[in-house]
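Asks: Below is the structure I would like to discuss, written out as structure tokens.
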Amino acid sequence: MSAGNGRPAGAAAAGVANEAGRPRIGVYVCHCGTNIAGTVDVAEVRRWAEERLADRGVVVARDYKFMCSSLGQELIEKDVAELGLDRVVVAACSPHMHEATFRGACARAGLNPYLCELVSIREQDSWVHTDGVAATAKARAILSGGVERVRHHEPLEPLRVHINPATLVVGGGIAGIQTALEIADAGFPVYLVEREPSIGGHMAQFDKTFPTLDCSACILTPRMYSAGSHPNVRLLTWSEVINVEGFVGSFKVTVLRKARYIDTDLCTGCGICQEKCPRKILDVVYEAGLGYRKGVYTPFPQAVPKYPVIDRANCTFFDNGKCKACEKFCPTGAIDFEQQDEIVTLEVGNIVLATGYELFDPRRIAQYGYGRLANVFTSLEFERLSNAAGPTQGRVVLRDGVTEPRTVGIIHCVGSRDRNFNNYCSAICCMQSLKFAHLVKEHTGATVYEFYIDMRTAAKAYDEFYQRVLEEGTIFVRGKVAEVTEVARTPEEEGKLVLQVEDTLIGRQRRIPVDMVILSCGLEPRHDTKKVAQLFGISCSADGWLIEKHPKLDPVATMEEGVFIAGCVSGPKDIPTSVAQGAAAAARVLGHIQQGELALEPIKAAVDPDVCSGCRICNGLCPFNAITFREDRMVSEVNPALCQGCGTCVAACPAGAMSGTCFSDEQILAQVEGLLLANLQGTAGREAVSA
Amino acid sequence: MSGEQVASEPFEPVVIGFTCNWCSYRAADLAGTARIKYAPNVRLIRLMCSGRLDPTFILDALARGADGVLISGCHPGECHYVDQNLNTLRRFRMLERILPALGIEPQRVQLVWASAAEGTQLAHEIDRMVEEVRGLGPLDWPARMAAAGGRTGPGVSPVGWPAGSRGEPEPGAIKGATEPPGVHA
Amino acid sequence: MSHYLYYPGCSMESSAAAYRESLETVLGPLGIRLEEIDDWNCCGATEYVGISLLPAYALIARNLALAARQADGTRTLVAACSACYLNLAKADHYLQESRTLAANVNSALGAGGLAYRAGSVTVRHLLEVIITDVGLDAVRAAVSRPLSGLRVAPYLGCMVPRPDPDHRWTDHERPRELDLLLAALGAEVVDYPLKTECCGGHMTQISPAIGFELIRRLIAEATRLGADLMVTVCPMCQMNVDAFQGETNRHFGTHYRMPILFYTQLMGLAFGREAREVGIGRELVDARPALARIGLPVPSTAAEETPETKAARIEAAHRRRQALPMPPMPGDAREEGPR
């Protein structure tokens, strides 16, 4: 952290109240094509500003088709130079969209960029109102608010912060692995934190990947191995982030490393402990509840790191102090029951969140019978069933473990595109279901029915795969399955699962008996995504996914500078997209690292020691402990390096000694005055507002 | 604002909205992007945090001619600055109790939580509040105080206004031109 | 004593007299006081809403208005009959949703000097009141004669849990409330997959073949699952399955004998009442052979192990070892790994 409160030396007296001369303000009203001009009479707003706001210091007002275009920006630059403007107000889109653009135009013209104010007459006016007269009146008020506010702006300098070249990646699925490898290959250190004992994520559970039918393990394992052995990657598996402090450039992250009870210096990963452990536990994570693991385990043979963990909650020794079979048989003496959970603190400049998704729990749709009817499987269960390393060694069989199904029904959109559960499309289920149909045929030759609402195969080589599965003889029924029932109505239905469905292509109710049902479950945000969002200071959408900075133009950044997202944490994605996002996030992080330092908004609080009475009300309010009390001078003081600029202390200070740059009392009150057109004193003002 | 009305036209209230940069301002942006329509009577101000909101801003807005003030911040537990929105809540609760003594119906100042994803909800709340304020009629606070004889404190009931003082602003009265008594006490 | 307003409905007076009689025996032990609303009228059952909406809703709303007027200390209106519950709840919901409907209904009510503000009473079903307000622990505490050894198929019918805009039921397709209640009485509850299927309503009068098929499915499945009897909450379901079982058998040439009783009858028995007091004997398909099991020691079925049965046992164990695990369900005691 370099600068103080962001004010350049000697500029403190630049506020309008202290200025000798009148401000010279330029006003620019944007049409945004028809986005604004279609509703707001922009020419009228300009004319009004020119006439009515001249008293308030407006010396020029213009309207232009696209203010953000280079020609639009040049208008501002030219006026600053020729008319000697010292303030600029642009009435256009949201400051979150183009504030930087217009500040840049001012800076190029030699005007301090913080003397520019962008007010939104698009997102908050033309787009949300239909009545042109009312919208135009509101645009006038919004513009007037901006003019009043800008009169109190001060020239400021951005804060420059140093960027720590180390990066934290949270989540060791394919997206997180990709991010970590890209950054590490560029030569910078990466911490990769994973909650489970091994990295790999959901992709490690799959047998094949659509549409190429690549073996999932064959393409994932080399990446996992690279991440595990890369000199620039430090793996922290069986670990969770529990606290985050600081901001871009210098985050301080606290990680809980759960005790593995394995001395990784001694462990060779031979697996004897797993073999000897007497405790068998249903594995609901990696085996999706279809197989078992031991109390000491690595989730799968290719796990990275190769060291197992002892699951304290499911260990006979931790239950009753007896057993220690693993310790007795371990050839290198690597079992260490004395290990304790460990708290480590990491200092990083950037963070990438790639915490992925959870499968929709189909127990919530009781009429599909999952959990009650043995031969109803989830998509993840089927992945394990068809996986050669899975609990059946790749045999596609019914829940009895031996019988091959002769007919299989695959239900699409389970929990997705359903107003009772999730409205969104989970994006991967159509392709996943097609893959299942192919695998069922390949493994068993069974008849396969696909029950779909719409087929969505929009990516490279996806629709070709659909054609292939069609040609393989899979039967497609367009309709949402109402119920899966074991209650037979006819002799053919005896002993089968019957799918009751409206076939919307023939306009008829059908009952289709099958041996096995696969529920192509949708993707949901992880159950603790909201907690993760709060931890890292970002927001969740209504559906619970993390929100991107911009859904189209900035999909891997978040509103929190220095915190990026990749993969399914921001919504359902297939593997190629997740990998692309992982690489994109890495590119953004590397951009920060290469710059070495970053310019931040100088939004900070500061105490005027001459006014401060030393009451200390502000001290306890600051959530970042940025305010300390100077015993020697009996005044409070803000540490600008810690201050995040929320302004609570400014609002609370009873003496008015606390001020906040960019959001001073004067600026806010002036904006209120402008918004209410109370600045238009006298009859001129009244005429103006009722015009 | 009520000042925009001409005597013959129906009353159009003006509501000033204080929003948080991280949630409600963004919700308003989202409502815009999604073209969700709401009443044009609200005018928003962006703060970095609802915790920045000094209660005097609200009184100032009401004194200068606003008929209502909407405060919107992040849901409790989702504050970008840990928990400053809880300070907002405390200040709001305090203000709620003071308003009747100042001759202002408490419904004129409302607090609404809105996350960045809740554009629809915010639009809905704005519509609801604008209608409530419309139902209350113009605030015209300075004139009210004058009609109440400049008294402040519990003696001034929010419903006890002389019948003549509630409707139109007094001829020649300019909103915000006079400081309301009691605000800066 | 919890106090509720009570709308009995016409069935309770006639075809479902057993429901009314047994209901009266369980209220005391459960600590429920039901205050019948004065001068109530028929809810229109399943037919009227299909003919003309406004008079149908006005008919229903009259009862709501009476209840609201009588409300003193409680604003919860309890119905025991499925159709009454659905009609009252649905009418209140639509009156809240549609101002036009509310205005029209109120102008009709006005002719009789009544008015109703939608939402001023809360309509609830007796079963849900027992589960939510009284609680299963209190039910268990009242049991003096557990229904041990009685295999029951819980059957709610289609009207109680659907639609369920307020999410009062555990699941609107497969609610567990009746299962839990019967288990609390000590009965062995089969997982009856048709518990929210339609019994046909008045289909036996309109299109008998369809009506009989709907009834056949219900009793066939209960028989297949080895249930001694079916238990319902609905007067219509009880009447259909009971009264039309003979005709259904004749239609299909089958010989099902599946008694069907109201849950309150079993509650009364479990609370120690005599069969006659809870209306046993009013049913057409005799429930007494099934009820003979209650209170008797469960006959031991564990016979001497022969070489054949031993082989079968080993074979079954072998099959179990090969089988894949079932997904754990809520309330499952099975051991799980950490998530």
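Nothing in this text is a laboratory measurement; each read-out follows from the coordinates by a stated rule. Since this is a predicted model, take the numbers as computed values, not measurements. Reconstructed Cβ throughout: ideal geometry from the backbone, glycine too, with neighbour counts over all protein chains shown.
Asks: Where Lys and Arg each count +1 and Asp and Glu each count -1, what net charge lies around B:Asn85 among other residues with Cβ under 12 Å from its Cβ? Could the numbers behind the result be given before it?
Replies: Details: positive: B:Arg52, B:Arg90, B:Arg91; negative: B:Glu78, B:Asp83.
Around B:Asn85, the charge tally is +1.
Asks: Further question on the same structure: Quick one: net charge around A:Glu472, please, counting Lys, Arg +1 and Asp, Glu -1 for every other residue with C-beta under 11 Å from its C-beta. Intermediate values should be presented prior to the final figure.
Replies: On the way: positive: A:Lys441, A:Arg468; negative: A:Glu442, A:Glu471.
Residues close to A:Glu472 contribute a combined charge of 0.
Asks: Would you kindly state how much longer the chain becomes between C:Ser14 and C:Glu97 on full extension, computed as 0.36 nm times their sequence separation minus their alpha carbon distance, in nm to one decimal?
Replies: On the way: separation 83, 0.36 × 83 = 29.88 nm, distance 3.41 nm.
Contour length minus the Cα-Cα distance gives 26.5 nm.
Asks: Which lysines have a Cα lying under 16 Å from the Cα of B:Lys37, excluding residues fewer than 8 positions away in the same chain?
Replies: A:Lys138
Asks: Taking the Cβ of B:Ser50 as the centre, find all other residues whose Cβ is under 12 Å away and add up their charges (Lys, Arg: +1; Asp, Glu: -1). Could the numbers behind the result be given before it?
Replies: Working: positive: B:Arg46, B:Arg52, B:Arg90, B:Arg91; negative: B:Asp54, B:Glu78, B:Asp83.
Summing Lys and Arg as +1 and Asp and Glu as -1 gives +1.
Asks: As a footprinting exposure proxy, order A:Arg223, A:Arg510 by other Cβ within 10 Å, with the fewest listed first. Mind dumping the intermediate values first?
Replies: Details: A:Arg223 19, A:Arg510 15.
Ordered by Cβ neighbours within 10 Å, fewest first: A:Arg510, A:Arg223.
Asks: As a quick test, which of the pairs A:Lys208/A:Lys441; A:Lys276/A:Lys322; A:Lys280/A:Lys324; A:Lys276/A:Lys328; A:Lys294/A:Lys328; A:Lys280/C:Lys310 have an alpha carbon distance above 18 angstrom in this structure?
Replies: Working: A:Lys208/A:Lys441 14 Å; A:Lys276/A:Lys322 14 Å; A:Lys280/A:Lys324 15 Å; A:Lys276/A:Lys328 9 Å; A:Lys294/A:Lys328 16 Å; A:Lys280/C:Lys310 27 Å.
A:Lys280/C:Lys310, as the Cα separations exceed 18 Å there.
Asks: Can you compute the helix-only [θ] at 222 nm over the protein assembly as shown? Use -39500 (n - 2.57) per DSSP H run of at least 4 residues, normalise by all residues, nearest 500 deg cm²/dmol. Write down the numbers at each step before the final one.
Replies: Values: 37 runs with 397 residues, N = 1215.
That comes out to -10000 deg cm²/dmol.
Asks: Also, I was wondering about something else. Please give the FRET efficiency for A:Glu82 paired with A:Ala43, using the beta carbon to beta carbon distance and R0 = 22 Å, rounded to the nearest 0.05.
Replies: Computed FRET efficiency for A:Glu82 and A:Ala43: 0.50.
Asks: If each of C:Arg288 and A:His443 carries a label point 7 Å out from its Cα toward its Cβ, how far apart are those two points in nm?
Replies: 5.7 nm
Asks: Mind giving me the FRET efficiency for A:Arg419 and A:Lys252? R0 is 45 Å, r the Cβ-Cβ distance, nearest 0.05 is fine.
Replies: Details: r = 43 Å, r/R0 = 0.96.
It comes out at approximately 0.55.
Asks: Let me ask something else. Within 10 Å of each Cβ in peptide B:16-24, how many partner chain Cβ atoms are there on average? Round it to a whole number, please. Walk me through the numbers on the way to the answer.
Replies: Working: counts 6, 2, 2, 1, 1, 7, 6, 2, 0.
Rounded to a whole number, the mean comes out at 3.
Asks: Students often check this: by mean Cβ neighbours within 10 Å, which of A:595-604, A:534-543, C:61-70 ranks highest, and how do the rest follow?
Replies: Numbers: A:595-604: 17.1, A:534-543: 19.1, C:61-70: 22.8.
Descending packing order for the listed peptides: C:61-70, A:534-543, A:595-604.
Asks: As a test, work out the antiparallel percent of DSSP beta bridges whose residues both lie in the protein assembly as shown, rounded to the nearest 5. Walk me through the numbers on the way to the answer.
Replies: Details: 53 of 138 bridges.
For the protein assembly as shown, the DSSP antiparallel bridge percentage is about 40.
Asks: Still on this structure: Where a ≥ b ≥ c are the square roots of the eigenvalues of the C-alpha gyration tensor, would you call region A:359-524 rounded, which needs a/c under 1.5, or, failing that, prolate if a/b is larger than b/c, or oblate? Numbers along the way, then the final one.
Replies: Working: a/c = 1.23, a/b = 1.05, b/c = 1.17.
It is rounded, given that a/c, with a ≥ b ≥ c, falls under 1.5.
Asks: I need the shape label for the protein assembly as shown. Rule: rounded when a/c is under 1.5, else prolate if a/b > b/c, else oblate, with a, b, c from the alpha carbon gyration tensor.
Replies: Values: a/c = 2.17, a/b = 1.36, b/c = 1.59.
Oblate.
Asks: Okay, moving on. Once the Cβ-Cβ distance between C:Ser144 and A:Ser70 is put in as r, and R0 is 56 Å, what FRET efficiency do you end up with, to the nearest 0.05?
Replies: Details: r = 89 Å, r/R0 = 1.59.
So the FRET efficiency works out to roughly 0.05.
Asks: Using Cα springs under 10 Å in a Gaussian network model of chain C, which residue among C:Cys42, C:Cys158, C:Cys237 shows the largest mean-square fluctuation?
Replies: Fluctuation is largest for C:Cys42.
Asks: Could I ask something else about it? Give me a single rounded figure for B:34-44: the average over its residues of other chain Cβ atoms within 10 Å of their Cβ. All intermediate terms of the calculation are to be shown ahead of the outcome.
Replies: Working: counts 3, 5, 2, 5, 3, 4, 15, 3, 3, 12, 8.
Average per residue, whole number: 6.
Asks: Does region C:143-291 come out rounded, prolate or oblate, given a ≥ b ≥ c as the square roots of the eigenvalues of its C-alpha gyration tensor, rounded meaning a/c under 1.5 and, failing that, prolate meaning a/b above b/c? Mind showing how you got there, number by number?
Replies: Details: a/c = 1.77, a/b = 1.18, b/c = 1.51.
In terms of gyration-tensor shape, oblate.
Asks: Between C:Leu225 and C:Met329, what length comes free when the chain is fully extended (0.36 nm per residue of separation minus the Cα-Cα distance, one decimal in nm)?
Replies: Details: separation 104, 0.36 × 104 = 37.44 nm, distance 2.07 nm.
Working it through step by step, the gained length comes to 35.4 nm.
Asks: Right, here's the next one. C:Arg250 versus A:Ala389, label points 7 Å from Cα toward the beta carbon: distance in nm?
Replies: The modelled label-to-label distance comes out at 6.8 nm.
Asks: Another one. Where in region A:26-52 is the amide nitrogen less than 19 Å from a point lying 7 Å along the Cα-to-Cβ axis of A:Leu553?
Replies: Inside the label zone: A:29-37.
Asks: A further question on this structure: Only bridges whose two residues both fall in chain A count here: according to DSSP, what percent of them are antiparallel, nearest 5?
Replies: Details: 52 of 101 bridges.
The antiparallel proportion sits near 50 percent.
Asks: Something else: Measure off 7 Å from each Cα along the Cα-to-Cβ vector at A:Ala542 and C:Asp72, then give the distance between these two points in nanometres to one decimal.
Replies: So the label points at A:Ala542 and C:Asp72 sit 4.6 nm apart.
Asks: So, one more: Calculate the mean, over all residues of peptide B:116-122, of how many other protein chain Cβ atoms lie within 10 angstrom of the residue's Cβ.
Replies: Working: counts 7, 8, 2, 3, 1, 1, 0.
Whole-number average of other-chain Cβ neighbours for B:116-122 is 3.
Asks: Which loop-located GluC sites (Glu not before Pro) does region C:198-279 contain, where loop means any DSSP state but H, G, I, E or B and the Cβ has at most 16 other Cβ atoms within 10 Å?
Replies: C:Glu274
Asks: Sticking with this structure for a sec: Of A:Lys496/C:Lys195; A:Lys531/A:Lys552; A:Lys435/A:Lys573; A:Lys435/A:Lys549; A:Lys306/A:Lys460, which ones are farther than 27 Å apart at the Cα? Walk me through the numbers on the way to the answer.
Replies: Working: A:Lys496/C:Lys195 19 Å; A:Lys531/A:Lys552 25 Å; A:Lys435/A:Lys573 16 Å; A:Lys435/A:Lys549 34 Å; A:Lys306/A:Lys460 35 Å.
Over 27 Å Cα-Cα: A:Lys435/A:Lys549; A:Lys306/A:Lys460.
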